[in-house]
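Worksheet for the structure shown next.
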Amino acid sequence: MTMKILAISGSARQSSTNTALLRAMRTVAPNDITIDVFDGIGDLPVFSPDLEGPDLPDSVRAFMRMIFDSDGLLISSPEYVRSIPGGLKNAIDWLVSGDQVVGKPIALAHASHRGDDMLTILRTVLSTISASFNENLFFRLPLMNETPESIQEILKRPANRQVAEQFLRDFASFCRTQGHDRPDSIIL
């Protein structure tokens, strides 16, 4: 069975290092794992409870559908002012009152040697919204100031590729063990 991972970039930057890392991970993923990269954090409107339910914006509805259709979430995000970027926090806020993420397996990847304050906060938030956030599954590859093309090449180096592939296999295995918590349907 193919494992479908939704990789969410926490950056709204067009040339984001974190987005490039997720796209590079897609190219080295084992054959039984597909990775779809969501880089539309900046396209989501500011969260408002008044817009939930029948007034849910189409971009949020599509984001929630992508989450529901995935077997697990892989999040990679930069740090802004020692915290979670506003766009990623906004995306998470849209998910809080729904069922899409409650039992969804989640793991983190990170494209920097720094950012530990943000990662601590993000881990707290994710462990609050999902019973299946696994903080022990973590992939870090310092890539600051690299171009998307060089990030592809760096990740394809045998040692980096081996670690990335093992991380993805471990995450897929974790997702399989958590599959029973997935809701049968979604109401959007």
Item checked: Contour excess over end-to-end distance, with Cα ends at S15 and Q166 and 0.36 nm allotted per residue -> 51.7 nm
Note to self: Can you give me the long-range amide H partners of R140? Hydrogens built in the peptide plane at 1.01 Å from N, cutoff under 5 Å, separation of 5 or more residues or another chain.
What the structure shows: H110
Notebook entry, point to check: Quick one: length gained pulling A159 to S83 fully straight, 0.36 nm per residue minus the C-alpha distance?
Noted result: 24.3 nm
Next item on the list: With r as the distance between the Cβ atoms of N31 and T124 and R0 = 41 Å, compute the FRET efficiency 1/(1 + (r/R0)^6) and round to 0.05.
Entry: 0.75
Notebook entry, point to check: When the helices in the chain are scored as -39500 (n - 2.57) per DSSP H run of 4 or longer and the sum is shared across all residues, what 222 nm value do you end up with, to the nearest 500 deg cm²/dmol?
Noted result: -13000 deg cm²/dmol
Notebook entry, point to check: So what are the ³J(HN,Hα) numbers for segment 86-99, from phi and the Karplus equation (6.51, -1.76, 1.60; θ = phi - 60°), rounded to whole Hz, Gly and Pro as x?
Noted result: x, x, 5, 4, 4, 4, 5, 4, 4, 8, 4, 8, x, 9
Next item on the list: Please tell me the relative contact order of the chain in percent, rounded to the nearest whole number, where contacts are Cα pairs under 8 Å and at least six residues apart.
Entry: 27 percent
Note to self: Please state the shape class of segment 62-171: rounded when a/c is under 1.5, otherwise prolate if a/b exceeds b/c and oblate if not, all from the C-alpha gyration tensor.
What the structure shows: prolate
Next item on the list: Pull up the DSSP beta bridges for the chain and report the antiparallel fraction as a percent, rounded to 5.
Entry: 5 percent
Notebook entry, point to check: lysines near K4 by alpha-carbon distance under 16 Å, same-chain residues fewer than 8 away left out - which ones?
Noted result: K104
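No lab work stands behind these numbers, since they all come straight from the coordinates. Just so it is clear, the model here is predicted, and its values are computed rather than measured. Reconstructed Cβ throughout: ideal geometry from the backbone, glycine too, with neighbour counts over all protein chains shown.
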